[in-house]
Amino acid sequence: MIRLFNHYFHGWTLRRMFFDFLLSLLALAGVILVQAESLGLAVPMASIQILSLAAGLFVINSASGLYQRSQDWSLVESSLRAMLAVAMGVFLAYQVFSLLPVGFGNTEAIRTSAMLVIAALILRRVVMGYWATKSRAGSRVLVFGAGPAAQMVGSTLRAADPLATIVGYFPGPNEKQPSVPEAERLTSELSLTQTAQRLGVDEIIVALTERRSGSMPLRELLDCKLAGVRVFDITTYFERMLGQIRIDFVNAGWLIFGDGFNQGFYRTAVKRVFDILCSLVLIVLSAPIMVVAALAIKLESQGPVFYRQERVGANNKNFRVSKFRSMRTDAEKDGKPRWAAAQDDRVTRVGHIIRRLRIDELPQLFNVLAGTMSLVGPRPERPFFVEQLTTEIPYYAVRHSIKPGVTGWAQVRYKYGSTIEDSQEKLQYDLYYVKNHSLFLDFLILFETVGVVLTGKGAR
């Protein structure tokens, strides 16, 4: 894993991105050189088109999720992502190469060739993504511990990176009741350092359930690190592998003395400018969609087009959020707040559509302009639920140190939450965002939001 702008990436993901960008530059330059009449002036005159289209292809691949692990997708989802990416790429190529200077050459042939090249590059990425996933060798990991924490590390590692090999679990000296099957536990005949060297370990994850005096062989762990083996504690492992901070293993000292959680003036100012510019652009682009949604809501049922509801914002200050009404006007006639559930009978027919496509969230862009919300951040919750969740989930109040968002890290990484357990799971992603948020991570979340909207993941 490589840390870039406070966010962790697999090294192979970054290599794919760089190689694809370079390949698209070379392929598009080749199209220009083959089709243009004057080779000496061809590339300089079309350099803007080449760079713009290569950058656009990178954005399309990222937004379509083509740099994610393909084994997580069904055949239908894979086909949908590929077709959508090809359609957007071909359309972009047509538009970009329509702007070639007059008299440049055979512009029609150049445009057609560029469209074919872009389609081929995207399909190549889809195929290579599957091939690389099957052929790539993973890291060899030793888990130090054999209790419930170690068992959880093993199960999440297999789910997050199936190509990683867990060579075994090395029991801690004070773990009396191991949870890991005996066949997977390593013997203690050799020291931790000797065992790691003998098994050719790349990483050691310290996942001890019992950490009292004598449980942590610091000298041996240091020797492993000096020998080139990467050593991670369980909290850092979950942060880098899953993009979350597990509240069942984290402690206040790790949060206080570790890096991150920077809320300085510069970051706040940049985020605010970013919010204003993006929300203005999105309001203009989505205006026709909002008009159609408003008319559909009004024609289907009586009642207001919008509904405004009190939510908890930054620094625990309440504000009123605006959304398109997607439920009946008597959805909470008993006055008791309720989470939306799967197949909720309170949702109208139009409501099902706008909730699935996230159109009901678009009016929140005006909250972003007003400064009560951000484009990216934790989901704003109602005061009733916040009061309940704050008392039952540790560190829940930390998410209110920044503005809530229209979309967020938890929203793109986890399904819609309707229980306390779901809220706890989503909080772990929110803590990661609060700790590591940056403009780069905001862009990444916006890209993933496009994929979530197009596939309808987590909608209710």
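The values are calculated or read from the model by the stated rules, or taken from the named source; none is laboratory data. Here the structure is a predicted model, which means the values were calculated and not measured. Here the Cβ positions follow ideal geometry from the backbone for every residue, glycine too, while neighbour counts run over all protein chains shown.
Scanning for something outside the structural domain of residue 402 (by TED's automatic domain parsing), assigned to a helix (DSSP H, G or I) and touching a Ser or Thr at 6+ places or on another chain (Cβ under 9 Å), does region 183-202 turn up at least one residue?
Yes.
For region 174-204, enumerate the residues that are surrounded by 11 or more Cβ atoms within 10 Å (Cβ to Cβ) and hydroxyl-bearing (Ser, Thr, Tyr).
Scanning region 174-204 gives 179, 188, 191, 193, 195.
Find all pairs meeting these conditions: Cβ atoms under 6 angstrom apart; at least six residues apart or on different chains; first residue within region 369-387 and closer than 22 Å to residue 284 by Cα; second residue surrounded by 21 or more Cβ atoms within 10 Å (Cβ to Cβ) and acidic (Asp, Glu).
What qualifies is 374/275; 375/275; 376/442.
List, please: which pairs have Cβ atoms under 8 Å, are six or more places apart or on different chains, and start with a residue in region 420-433 that is more than 12 Å from residue 399 (Cβ to Cβ) and end with one that is in a helix (DSSP H, G or I)?
Close Cβ pairs satisfying both conditions: 420/388; 420/389; 420/392.
For the subset of region 277-301 comprising residues that are surrounded by 14 or more Cβ atoms within 10 Å (Cβ to Cβ) and out of contact with any helix residue (DSSP H, G or I) (no Cβ under 6 Å at 6 or more places or on another chain), which member is nearest to residue 367 (Cα to Cα)?
The extreme case among them is 278.
Yes or no, residue by residue, for (1) over 24 Å from the mean Cα position of the chain (by Cα); (2) surrounded by fewer than 13 Cβ atoms within 10 Å (Cβ to Cβ); (3) at pLDDT 75 or above; (4) farther than 23 Å from residue 447 by Cβ:
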| site | (1), (2), (3), (4) |
| --- | --- |
| 19 | no, yes, yes, no |
| 31 | yes, no, yes, yes |
| 60 | no, no, yes, no |
| 104 | yes, no, no, yes |
| 117 | yes, no, yes, no |
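Looking at (1) within 22 Å of residue 8 (Cα to Cα); (2) touching an Asp or Glu at 6+ places or on another chain (Cβ under 7 Å), which one does residue 158 not meet, given that it meets all the others?
(2)
Answer yes or no: is there a residue in region 302-324 that is over 30 Å from residue 250 (Cβ atoms), modelled with pLDDT of 90 or more, in contact with a strand residue (DSSP E or B) (Cβ under 8 Å, 6 or more places away or on another chain) and surrounded by 21 or more Cβ atoms within 10 Å (Cβ to Cβ).
For region 302-324, residues over 30 Å from residue 250 (Cβ atoms), modelled with pLDDT of 90 or more, in contact with a strand residue (DSSP E or B) (Cβ under 8 Å, 6 or more places away or on another chain) and surrounded by 21 or more Cβ atoms within 10 Å (Cβ to Cβ): present.
Here is a list of conditions, (1) closer than 25 Å to residue 435 by Cα; (2) in the same structural domain as residue 155 (by TED's automatic domain parsing), and residue 223 meets all of them except one; can you say which number that is?
Result: residue 223 fails condition (1) only.
Identify, by number, the condition in (1) modelled with pLDDT of 80 or more; (2) crowded, with 22+ Cβ neighbours inside 10 Å; (3) in contact with a Gly (Cβ under 6 Å, 6 or more places away or on another chain) that residue 65 doesn't meet.
So the condition that residue 65 fails would be (1).
Could you list, in sequence order, the residues of region 388-436 that are buried (at least 16 other Cβ atoms within 10 Å of the Cβ) and of a type in the set (A, V, I, L, M, F, W, C)?
Listed by number, the residues that qualify are 389, 393, 398, 402, 406, 409, 410, 412, 427, 431, 434.
Would you say residue 165 is at pLDDT below 90 and of a type in the set (S, T, N, Q)?
yes
Within region 368-384, how many residues are surrounded by fewer than 24 Cβ atoms within 10 Å (Cβ to Cβ) and part of a helix (DSSP H, G or I)?
Qualifying residue count, region 368-384: 4.
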